[in-house]
1. From B:Phe106, B:Phe63, which residue is touching a helix residue (DSSP H, G or I) at 6+ places or on another chain (Cβ under 9 Å) and within 24 Å of A:Gly3 (Cβ to Cβ)?
2. Of (1) within 12 Å of chain A (Cβ to nearest Cβ); (2) farther than 29 Å from A:Cys23 by Cα, B:Gln108 satisfies all except one. Which?
3. What do you reckon, is B:Glu8 on the phi < 0 side of the Ramachandran plot and free of Cβ contacts under 8 Å to residues at least 40 places away in the same chain?
4. Take the residues in segment B:12-51 that are of a type in the set (A, V, I, L, M) and in contact with a Ser or Thr (Cβ under 8 Å, 6 or more places away or on another chain); name whichever of them is farthest from A:Gln44 (Cα to Cα).
5. Hand me the list of strands (runs of 3 or more DSSP E) wholly inside segment A:13-113 holding 1 or more residues that are of a type in the set (Val, Ile, Thr) and within 14 Å of another protein chain (Cβ to nearest Cβ).
6. For chain B, list the strands (runs of 3 or more DSSP E) that sit wholly inside it and hold at least 3 residues that are buried (at least 21 other Cβ atoms within 10 Å of the Cβ) and modelled with pLDDT under 95; which are they?
7. For A:Tyr10, which of the numbered conditions (1) surrounded by 14 or more Cβ atoms within 10 Å (Cβ to Cβ); (2) within 12 Å of chain B (Cβ to nearest Cβ); (3) over 29 Å from B:Gly95 (Cβ atoms) fails to hold?
8. Kindly indicate whether B:Gln39 is touching a residue at least 40 places away in the same chain (Cβ under 8 Å) and in contact with a strand residue (DSSP E or B) (Cβ under 8 Å, 6 or more places away or on another chain).
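The values are calculated or read from the model by the stated rules, or taken from the named source; none is laboratory data. Since the structure is predicted, the reported quantities are computational estimates derived from the model, not experimental observations. Every residue, glycine as well, gets a Cβ built from its backbone with ideal geometry; the counts of neighbours run over all protein chains shown.
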Amino acid sequence: EAGVTQSPRYAVLQEGQAVSFWCDPISGHDTLYWYQQPRDQGPQLLVYFRDEAVIDNSQLPSDRFSAVRPKGTNSTLKIQSAKQGDTATYLCASGPPGGSYEQYFGPGTRLTVL
Amino acid sequence: GDSVTQTEGLVTVTEGLPVKLNCTYQTTYLTIAFFWYVQYLNEAPQVLLKSSTDNKRTEHQGFHATLHKSSSSFHLQKSSAQLSDSALYYCALSGIASSSFSKLVFGQGTSLSVVP
C-alpha cells in the first residue's frame, strides 16, 4: 500500500512569493490534515478535511493561506505571499474512516522563506 | 483547551540504560486515544505506540507506555536504550468532541540522544 506522498520536498522563496504544496493521501482515507512544523517544534494543525469538506480551518492564516480538496482525494495548500515566519516543514497526513484516530504522515515539504 | 505537555526538551542517556519520557495531558474530548510518534531526522512522524485503554500496558519495538487517566499521563519507557533510538519523540492525543472528527494534538516533543 502506497503511503502519503507530497511534493515538492523542498522549496526556497523570497518574501512575497507564492507557493503551493500538493498531497496525495492513502487510497481510501477520508480525512486529510495539513500541519505546520516549525524547526524544533511539534506539528501544529492548520486545516483538516473529511472528503471534500473543510472540518476545521480555524488555525489557518486565512489572509495568506488557502487549502482545497476538490474531489475528496488530493489536496493543495497554497501560501499567497510568503513571510519569513512561514519557514517550516509542512506535513500532510491522512486517516482511515471508522474512528481509529490514527493518522499517517507524508514526508513533508521543507519551506525556507528568505 | 486541549493540550499535551512533554516536560523535557532533551534527554540524553547512555546506551543500555533505561529511559523515560514524560507526557501529561488535559482534554475535554469525549473519547480519546493516545500516541507516541517517533520522528527521525528529515523524516515524517510515524506511530510508535498507541493506546485508548486505561491502565493497560502497550508495547512495541522494546518501548512501552501505560495510559493512566487518573494522573492524565502516558509516559514512554524503555529498559535498555539503543543508539538507534536517537530521534524526536512526540506524545499526542486524538479525540472526538461531540460530532467533530478526530484531530491530533501534539506535545512539544522530546529529543532523545543515546550515547555510547
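1. Working: B:Phe106 fails: touching a helix residue (DSSP H, G or I) at 6+ places or on another chain (Cβ under 9 Å).
Criteria check complete, one pass: B:Phe63.
2. For B:Gln108, the failing item is (2).
3. In short, no.
4. Residue satisfying both the conditions and the ranking: B:Leu17.
5. In segment A:13-113, the matching strands (runs of 3 or more DSSP E) lie at A:31-37, A:44-50, A:53-56, A:88-95, A:109-113.
6. B:31-39, B:87-96, B:103-106
7. (1)
8. Details: touching a residue at least 40 places away in the same chain (Cβ under 8 Å): yes; in contact with a strand residue (DSSP E or B) (Cβ under 8 Å, 6 or more places away or on another chain): yes.
So B:Gln39 fits the description; yes.
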